[in-house]
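Read through the structure below, which is laid out as C-alpha cells, and then see the notes.
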Amino acid sequence: MKKKDAQPLSDLLSDFLESRDDIRRQLGERRVVKGWHELLGEGVSSYTRAIYFKHGVLYVQLASSVLRAELQMNKENLIKRLNEHAGVPLLRDIVLR
C-alpha cells in the first residue's frame, strides 16, 4: 500500500538539514577537510601533517616549504574550490604552516 504524500528520503533529509544550520555547518566543515585530500590528491596529502577547521579558517601543517609556497600563491582558488566541494561557503581563509 502506497501513501499519497510519500516523499523520497533524500528530499526529507535535505529539508531537515536546511532547517538545522548547526548540522549543516558541521557537515560542511567535515567536507572542507575531506575536500583538501580529495581535490589536491595523494601528492599533497602525503605532505600534509595535520589539518583542522576552526572558525572559518582551515589550518594545514605541511612538511614541505616549497609546497607551502606554491599553495600560498593559489590560496584564493583553493578557498573557492573547497567551498564548492563543501556545498556551503564556510571557508574564509587557509593558514599554511
task: Run residue 28 past the list (1) farther than 16 Å from residue 81 by Cα; (2) surrounded by 13 or more Cβ atoms within 10 Å (Cβ to Cβ); (3) among the small types (Gly, Ala, Ser) and report the number of the one that doesn't hold.
output: (1)
field: Residues located in segment 41-77, provided they are over 15 Å from residue 93 (Cα atoms), within 17 Å of the chain's Cα centre (by Cα) and of a type in the set (Gly, Ala, Ser)
entry: 41, 45, 50
- prompt: Within segment 72-86, how many residues are surrounded by fewer than 12 Cβ atoms within 10 Å (Cβ to Cβ) and closer than 19 Å to residue 25 by Cα?
  reply: 0
query: For segment 51-71, what are the residues that are of a type in the set (A, V, I, L, M, F, W, C), within 18 Å of residue 27 (Cα to Cα) and free of Cβ contacts under 8 Å to residues at least 24 places away in the same chain?
result: 51
Which numbered condition residue 37 fails, given (1) crowded, with 16+ Cβ neighbours inside 10 Å; (2) touching a Ser or Thr at 6+ places or on another chain (Cβ under 8 Å); (3) within 29 Å of residue 14 (Cα to Cα): (1)
- prompt: Is segment 50-66 home to any residue that is surrounded by 13 or more Cβ atoms within 10 Å (Cβ to Cβ) and charged (D, E, K, R)?
  reply: no
message: I'd like the residue in segment 1-18 that is among the small types (Gly, Ala, Ser) and modelled with pLDDT of 80 or more and, out of all such residues, is surrounded by the most Cβ atoms within 10 Å (Cβ to Cβ).
response: 10
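The values are calculated or read from the model by the stated rules, or taken from the named source; none is laboratory data. Computed from a predicted model, the values in this text were never measured in an experiment. Here Cβ is always computed from backbone atoms with ideal geometry, including for glycine, and neighbour counts include all displayed protein chains.
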